[in-house]
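The values are calculated or read from the model by the stated rules, or taken from the named source; none is laboratory data. From a predicted model like this one, the values you see are computed outputs, not experimental measurements. Ideal geometry is used to build each Cβ from the backbone, glycine not excepted, and the neighbour counts take in all protein chains shown. Keep in mind that these areas ignore ligands, DNA and RNA; they rest on the heavy atoms of the full protein, side chains included. Shrake-Rupley method; radii C 1.70, N 1.55, O 1.52, S 1.80 Å.
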Amino acid sequence: MLRKIWRTIRRLSGDDAYERYRAHYRTVHPDEPELSRKAFFKREQERKWNGVRRCC
Amino acid sequence: MNSNSMRIIGWLLVAILGASALGGIALNRGEPVNAIWLITAAACVFALAYRFYAAWIAARVLVLDETRATPAERFDDGHDFIPTNRWIVFGHHFAAIAGPGPLIGPTLAAQFGYLPGTLWILIGAVLGGCVQDMTIMFFSIRRNGKSLGQMARDELGPIGGNAALVGTLMIMVILIAVLGLVVVNAMKHSPWATSTIASTIPIAVLVGLYMRDIRPGRVLEGSVLGLALLLLAVAGGGWIDHNPSLRPLFDHEGLPLAWAVIAYGFAAAILPVWLLLAPRDYLSTFMKLGTILLLTLAIVVMRPEIRMPALTQFIDGSGPIFGGRVFPFVFITIACGAVSGFHALIASGTTPKLLASEKDIRMIGYGGMLLESFVAIMAMIAASVLDPGVFFAINSPAGIVGKEAADAVARISSWGYPVTVEQMEMLAREMGEKTLFARTGGAPSLAVGMASLFGSAFGQNLLAMWYHFAIMFEAVFILTTLDAGTRVGRFMLQDFLGNFSPRLGQTSWYPSVILTSGIIVAAWGYFLYIGVIDPNGGVNILWPLFGISNQMLAAIALSVSTGILVKSGKLKYAWISAAPLAWLAIVTSAAAWVKITSPDVRIGFFAAARDLADKLAAGDLPPDKAAVAPQLIFNQQLDAWLTLFFVILLWIIIFDMLRVCVGHLQGKAVPPLTESPHEPSRLVEKWVRD
């Protein structure tokens, strides 16, 4: 139960984004090199704020 | 008895409870009402609306089809399009739509009494705002997650598309100006608030560095660190406030604070996102969810009594916070929380790329807006639990009630809301502020309301802490909106200028970044500056303008929905969006008409400009006022033309939509539906849905 809550919090906040990215990348593009944790985080933040993300 | 009839009886009970709570609130005269009844009424109305109206729209009108693959499934690329658990999407969607708007609007609208605002929040959300969010989300999902502007262009034609673009840009400018004004008014001559808010900047930068360099991608660690520092900053602000050598550093008039906010906005727009914007957003999201939860708890635990009357005499238009009668101004003042056009930008484009199943649209589109509406109800409660005299003393600008405390209390007491200088001084001392008179903008009165609720629920001796915690909470997410909005405005402007010069359209070319950021900041900075030098408090002008522009964007969204419904052969159901559209068209036009033509100097823009010009010509103004009078006159005229522009745009879009609908019904050539073809979902079998 506690573990499930913790997983939800991590998922909601994007704390586990890199792990999900790696899992996704390994299944979909197994032979391409993947980004490092730092490079991934950088790219994600740039992408995320490229548009209307917050409201009034 | 079978489970079906049990369920019917259950819902019948909810209906009866809701009806009696609502009836009790609406019909009660004289006796104080407990806030718990407002919460009960809202909860019942929302539950019924979600269970029946939203379900009916989902099943009959939109015909949600869970066997149809969503864009998230079809384009699953691991970053933009990701099929996501619906609770997670709900969290993201709610965090995106709920900003400071639903907290400020109801606070200001409480000048009419708690009833008009509460009813509009309930009815507006259930029949208008939620329907707008839900239908736009659905149509965007059926169109590969297209944005509102693209859908308007594709489905209605270039006029609708361009109107959406221009409208969005203008709303952004006015929204940021008015939010900036709220922050400035909260910081004015309050070293505690100013130092706390200022320290949120280095804290955000520190968190940004932590997440990027020290522990890359560890969002939760960084956020917890930041939140701890924010709480320390609130306490530290109290220490600075009591320190005679540090105090003057943070004790400022409105104008220098406004310049500081403008400089900050420019810096935030040109700095990389990871340094300031992204970490600030993490902090503000946690803060927002935590505080809303705390506020609900405090209201449920404390069950405070509503002190504000159901209706005040200010429904006649003479209100001190903003001028104008209850119709149409309550519908303009409360935009976010009832119907917010801005949501359509999130509900199209952003959220649709995450939904794993069309079935989730009801919960996320309709339910997400219901929750925001609930936040608005709580803001209304926080404003209404204050003594009305105190509420008006905090929110009435000095230009209306007088600069001296004795004049202000005499004036406010003469309205029938007794308040004394001692009472206000005592309150200010408790809250750790020098004065609470004429602290317009809604943030300070909301903070006093929240502090007294938190104080009575979780410890009275920390009132000053709670007050500044609430101010910090509001400021943090107002500044997030300010950063994010300036950035969006910059992108839109670059996109537009890119049509003329490809170089200017490059979002990474620094000269273009500086130029376009500068233009956007100058645009909102202008309105912020005027708002600060305006002796009547600025909010009186800017908030209605924001409301009108936001409702205009809602009208664009509802026009898109109505047009698509008619073109999909669902004419008989088109009223679900056409009815709220008609209502918004009426209230927005009526409000604009009044703002332009009213001879009352507190309401009519031209009347105010003429009045000031006459006084200036006659030499009736003291020198300090005469110096700024030409700017104020120009601004009043500008605001009038801007209002006219919004209304013309509104009607152009409506007529454009009607033209397309009538053309479709007569069998003429109209832009065809751009719905993407049906592709079966593979997630339905694979997933055990929760």
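Could you give the size of the charge dipole of the protein assembly as shown about its Cα centre, using +1 on the Cβ of each K and R and -1 on the Cβ of each D and E, expressed in debye and rounded to the nearest 20? Before the final figure, lay out each step's value.
Values: 61 positive and 51 negative charges, 359 e Å.
Charge dipole, the protein assembly as shown, about its Cα centre: 1720 debye, nearest 20.
Describe numerically, in nm with one decimal, the distance between label points set 7 Å from Cα along Cα→Cβ at A:D31 and at B:W56.
Modelled inter-label distance: 5.8 nm.
Probe 1.4 Å, all protein chains in place: accessible area of B:V601 in Å², nearest 10?
70 Å²
All other residues with a Cβ under 12 Å from the Cβ of B:R51 taken together, and with Lys, Arg as +1 and Asp, Glu as -1, what is their net charge?
My count for the surroundings of B:R51 gives +2.
Along the Cα→Cβ direction, 7 angstrom out, place labels at A:H24 and B:L13. What is the inter-label distance in nm?
4.4 nm
If you build the convex hull over the alpha carbons only and average its shadow over all orientations, what do you get for the range B:198-328? Give it in nm² to one decimal.
12.8 nm²
Between B:F458 and B:L673, what is the spin-label point distance in nm, taking each point 7 Å from the Cα along the Cα→C-beta axis?
5.0 nm
When Cβ neighbours within 10 Å are restricted to other protein chains, what is their mean count per residue of peptide B:208-219?
4
So if I take the centroid of the Cα atoms in the range B:379-451 and the same for the range A:19-48, what is the distance between those two points in Å?
53 Å
Using the Kirkwood formula on the Cα atoms of chain A, what hydrodynamic radius do you get, in angstrom to one decimal?
Evaluated over chain A, this radius sits at 13.1 Å.
Loop only by DSSP, 16 or fewer other Cβ within 10 Å of the Cβ. Give me the trypsin sites (Lys or Arg not before Pro) in the range B:288-341 that pass, ordered by residue number.
Within the range B:288-341, no trypsin sites (Lys or Arg not before Pro) qualify (loop, at most 16 other Cβ atoms within 10 Å).
What number, in nm² with one decimal, is the all-direction average of the projected area of the convex hull of the alpha-carbon atoms of the range B:511-565?
Working: hull surface 21.3 nm².
With the hull built on Cα positions only, its mean projection is 5.3 nm².
If you take every residue apart from A:R47 with its C-beta less than 13 Å away from the C-beta of A:R47, what net charge results, scoring Lys and Arg +1 and Asp and Glu -1?
Working: positive: A:K42, A:R43, A:K48, A:R53, B:K353; negative: A:E44, A:E46, B:D77, B:D80.
The answer is +1.
What full-extension length gain, to one decimal in nm, is calculated for B:L371 and B:I214 as 0.36 nm per residue of separation minus the Cα-Cα distance? Can you show the working numbers first?
Values: separation 157, 0.36 × 157 = 56.52 nm, distance 3.62 nm.
Extra length from B:L371 to B:I214 when fully extended: 52.9 nm.
Counting helices only, and only those DSSP H runs with n ≥ 4, report the 222 nm mean residue ellipticity of chain A as the sum of -39,500 (n - 2.57) divided by its residues, in deg cm²/dmol to the nearest 500.
-20000 deg cm²/dmol, from helical runs alone.
Given only helices, namely DSSP H runs of n ≥ 4 each adding -39500 (n - 2.57), what is the per-residue ellipticity at 222 nm of chain B, to the nearest 500 deg cm²/dmol?
Helix-only estimate at 222 nm: -22000 deg cm²/dmol.
With r defined as the distance between the Cβ atoms of B:A522 and B:D620 and R0 fixed at 30 Å, what FRET efficiency is calculated, to the nearest 0.05?
Efficiency for this residue pair is about 0.40.
May I ask for the angle, rounded to the nearest 10°, between helix B:277-302 and the longest principal axis of chain B, with both axes built from Cα atoms and the value confined to 0 to 90°?
Compared with the principal axis, the helix lies near 80 degrees.
Going 7 Å from the Cα of B:L311 toward and past its Cβ, which residues in the range B:97-126 have a backbone nitrogen under 16 Å from where you end up?
B:110-120
Between the range B:554-585 and the range B:313-335, what is the C-alpha centre distance in whole Å?
Centre-to-centre distance over Cα atoms comes out at 27 Å.
Show the residues, 5+ positions off or on another chain, whose built amide H is closer than 5 Å to the amide H of B:N34.
Those qualifying (amide H under 5 Å, at least 5 residues apart or on another chain) are B:I306.
Can you give the net charge of the other residues whose Cβ lies under 14 Å from the Cβ of B:G105, counting K and R as +1 and D and E as -1?
Surrounding charge for B:G105 is -2.
Considering the dipole of the protein assembly as shown built from charges on the beta carbon (Lys and Arg +1, Asp and Glu -1) around the Cα centre, which of B:P352, B:I576, B:L370 is farthest to its positive end?
Towards the positive end, the residue furthest out is B:P352.
Give me log10 I(q)/I(0) at q = 0.12, 0.17, 0.22 Å⁻¹ for the range B:525-601, Debye formula, one equal scatterer per alpha-carbon, no solvent.
These q points yield log10 I(q)/I(0) values of -0.48, -0.74, -0.96.
Apply the Karplus curve 6.51 cos²θ - 1.76 cosθ + 1.60, θ = phi - 60°, to the phi angles in the range B:243-253 and return the couplings in whole Hz, x for Gly and Pro.
Per-residue couplings from phi come out as 9, x, 8, 8, 3, x, 4, 10, 9, 10, 6 Hz.
Where only protein heavy atoms count, and the probe is 1.4 Å, what is the accessible area per residue for chain B in Å²?
Dividing the accessible area of chain B by its residue count gives 36 Å².
Just order B:244-257, B:352-365 by mean Cβ neighbour count inside 10 Å, highest at the front, would you?
My ranking of the peptides, most packed first, is B:352-365, B:244-257.
What do you get for the angle between helix B:405-414 and the principal long axis of chain B? Use alpha-carbon atoms, 0 to 90 degrees, nearest ten.
Roughly 60 degrees between the two axes.
Please compare each pair in B:K146/B:K353; A:K4/B:K359; B:K288/B:K353; B:K188/B:K595; B:K567/B:K668; B:K146/B:K567 to a cut-off of 20 Å on the Cα-Cα distance and tell me which ones are over it. Don't skip to the end; give the middle numbers.
Values: B:K146/B:K353 9 Å; A:K4/B:K359 24 Å; B:K288/B:K353 24 Å; B:K188/B:K595 29 Å; B:K567/B:K668 12 Å; B:K146/B:K567 18 Å.
Over 20 Å apart, Cα to Cα: A:K4/B:K359; B:K288/B:K353; B:K188/B:K595.
Which order do the peptides A:6-16, B:671-681 take when ranked by the mean count of other beta-carbon atoms within 10 Å per residue, highest first?
Averaged packing, sorted descending, gives the order A:6-16, B:671-681.
How big is the Rg/Rh ratio for the range B:366-523, C-alpha atoms only, Rh by Kirkwood, two decimals?
Value, to two decimals: 1.16.
Stretched out fully, how many nm does the piece from B:R610 to B:S3 gain, at 0.36 nm a residue minus the Cα gap?
Values: separation 607, 0.36 × 607 = 218.52 nm, distance 6.87 nm.
In short, 211.7 nm is gained.
Per residue of the range B:475-486, what does 6.51 cos²θ - 1.76 cosθ + 1.60 with θ = phi - 60° give for ³J(HN,Hα)? Whole Hz please, x for Gly and Pro, Karplus curve as stated.
Per residue, the Karplus-derived 3J(HN,Hα) values read 5, 4, 8, 5, 5, 4, 5, 4, 4, 5, x, 4 Hz.
In whole Å and largest first, what semi-axes does the C-alpha gyration tensor of chain B yield when each eigenvalue is scaled by 5 and square-rooted?
38, 29, 28
With r as the distance between the Cβ atoms of A:I5 and B:L297 and R0 = 22 Å, compute the FRET efficiency 1/(1 + (r/R0)^6) and round to 0.05.
In this case the efficiency is close to 0.75.
Which order, highest average first, do B:170-182, B:411-423 follow once you tally other Cβ atoms within 10 Å for each residue and take the mean per peptide?
Numbers: B:170-182: 27.1, B:411-423: 15.8.
Top of the packing list down: B:170-182, B:411-423.
Quick one: grab the alpha carbon gyration tensor of the range B:106-168, order the square roots of its eigenvalues as a ≥ b ≥ c, and give me rounded if a/c is under 1.5, else prolate or oblate depending on whether a/b is larger than b/c.
Cα axes put the range B:106-168 in the prolate bin.
Quick one: in the protein assembly as shown, what % of C-alpha pairs are over 33 Å apart?
That fraction is 49 percent.
To the nearest 10 degrees, how steeply does helix B:3-27 sit against the main Cα axis of chain B, on a 0 to 90 scale?
It is inclined by approximately 30 degrees.
Per-residue Cβ counts within 10 Å, from other chains only, averaged over A:40-50: what number is that?
Taking the mean over all residues of the peptide, I get 6.
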